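Chemist: The following block contains the structure, expressed as structure tokens.
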Amino acid sequence: MGHRLDTGFPGAELDEVGRGQAADLAEKLAREPIDVVMTSDILRARQTGEPLAATLGVPVITHPGVREIYAGDWEMDTNWWDYIRVIQSWQTDPSIRIPNGENGVEFFHRFDEAISELEDDEYAAVVSHGGALRTWLASRGDIGIPDNWILGNTDCVVAEGRPGAWKILSWAGIPCRPADSPCQPAGDRISELTGCDTRTVPVAVGMDDQGGNT
């Protein structure tokens, strides 16, 4: 897509590279104790999450609440900077609106609502989009997210907790907490990676610009 802001519904489908990445993700997480997979209803997110759900033998929920942040007037533009500046500003002023798009209040509300539907699931995987995930995690997680922390295609963030109390345990495979942080080892593969009990965890899968992803 030439690195364009392709954020609208239904969006581009995955190309051959993207489908390969989706297959690799399913293999990577095949042994994780995931109970449900939630995906954005944007086509490329569904096509990423469905192989994972099929491999795990778990339900897949398609939810518009975890869509990418809509770029409004900047949709299909190659200049990302105005878009990035606005969504970064939501950490201090969520009332700022993308021209003919959404503001931070609306974005956080719909993403929070979607995640709240997973409260009854012990382990969940959420397949969303790079901008949406990074913005939501920066606001709802317990650590500051540096500007250079990006999410590439099918990068994973592991978080523990519940709405209003999320601890980010790892970001794109890099542990975010010291080895001696207080937690209860769960004895599963996610626990081995993070050192912590991972009850009620969205394994958030980020999607960036490869294979038609934004």
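The values are calculated or read from the model by the stated rules, or taken from the named source; none is laboratory data. Note that the structure is predicted; figures quoted are calculated from it, not measured. We place every Cβ from the backbone using ideal geometry, glycine too, and count neighbours over all the protein chains shown.
Chemist: Only one of these is without any contact (Cβ under 8 Å) to a residue 60 or more places away in the chain, closer than 22 Å to Q21 by Cα and not polar (S, T, N, Q): V157, V127, V105. Name it.
Modeler: Values: V127 fails: without any contact (Cβ under 8 Å) to a residue 60 or more places away in the chain; V105 fails: closer than 22 Å to Q21 by Cα.
So the residue among V157, V127, V105 that is without any contact (Cβ under 8 Å) to a residue 60 or more places away in the chain, closer than 22 Å to Q21 by Cα and not polar (S, T, N, Q) is V157.
Chemist: Oh, and also: Given the structure, is T48 in contact with a Ser or Thr (Cβ under 9 Å, 6 or more places away or on another chain), among the β-branched types (V, I, T), farther than 22 Å from E160 by Cβ and in a strand (DSSP E or B)? So that I can check it myself, show each step before the final result.
Modeler: On the way: in contact with a Ser or Thr (Cβ under 9 Å, 6 or more places away or on another chain): yes; among the β-branched types (V, I, T): yes; farther than 22 Å from E160 by Cβ: yes; in a strand (DSSP E or B): no.
No.
Chemist: All but one of (1) in contact with a helix residue (DSSP H, G or I) (Cβ under 7 Å, 6 or more places away or on another chain); (2) within 28 Å of R31 (Cα to Cα); (3) not in a loop (DSSP other than H, G, I, E, B) hold for E68, so report the exception by its number.
Modeler: Here E68 meets the rest and fails (3).
This table checks each residue for (1) at pLDDT below 95; (2) touching a strand residue (DSSP E or B) at 6+ places or on another chain (Cβ under 6 Å); (3) more than 26 Å from N148 (Cβ to Cβ).
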| position | (1), (2), (3) |
| --- | --- |
| E13 | yes, no, yes |
| E16 | yes, no, yes |
| R31 | yes, no, yes |
| N79 | yes, no, no |
| I98 | no, no, no |
| G104 | no, no, no |
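Chemist: So which residues in segment 145-175 are assigned to a loop (DSSP other than H, G, I, E, B) and loosely packed, with under 13 Cβ neighbours inside 10 Å? Can you show your working first?
Modeler: We begin by selecting, within segment 145-175, every residue assigned to a loop (DSSP other than H, G, I, E, B); these are 145-154, 163-164, 172-173.
Passing the criteria: P146, D147, N148, G164, G173.
Chemist: While we're on this one: Report every pair of residues separated by at least 6 positions or lying on different chains whose Cβ atoms are under 6 Å apart, first residue within segment 74-86 and on the phi > 0 side of the Ramachandran plot, second not aromatic (F, W, Y).
Modeler: These pairs meet every condition: M76/R4.
Chemist: Out of (1) under 21 Å from V157 (Cβ atoms); (2) out of contact with any His (no Cβ under 9 Å at 6 or more places or on another chain), what's the single condition that is false for R85?
Modeler: Condition (1) is where R85 drops out.
Chemist: If a residue must be buried (at least 22 other Cβ atoms within 10 Å of the Cβ) and in a helix (DSSP H, G or I), how many such residues does segment 100-127 contain?
Modeler: Here the count works out to 4.
Chemist: Looking at segment 1-10, is at least one residue in contact (Cβ under 8 Å) with a residue 24 or more places away in the chain, assigned to a helix (DSSP H, G or I) and either hydroxyl-bearing (S, T, Y) or farther than 30 Å from V105 by Cα (or both)? Spell out how you get there, then give the answer.
Modeler: Let us first name the residues in segment 1-10 that are in contact (Cβ under 8 Å) with a residue 24 or more places away in the chain, namely 1-10.
Then drop every residue that is not assigned to a helix (DSSP H, G or I), which leaves none.
The answer is no; no qualifying residue exists.
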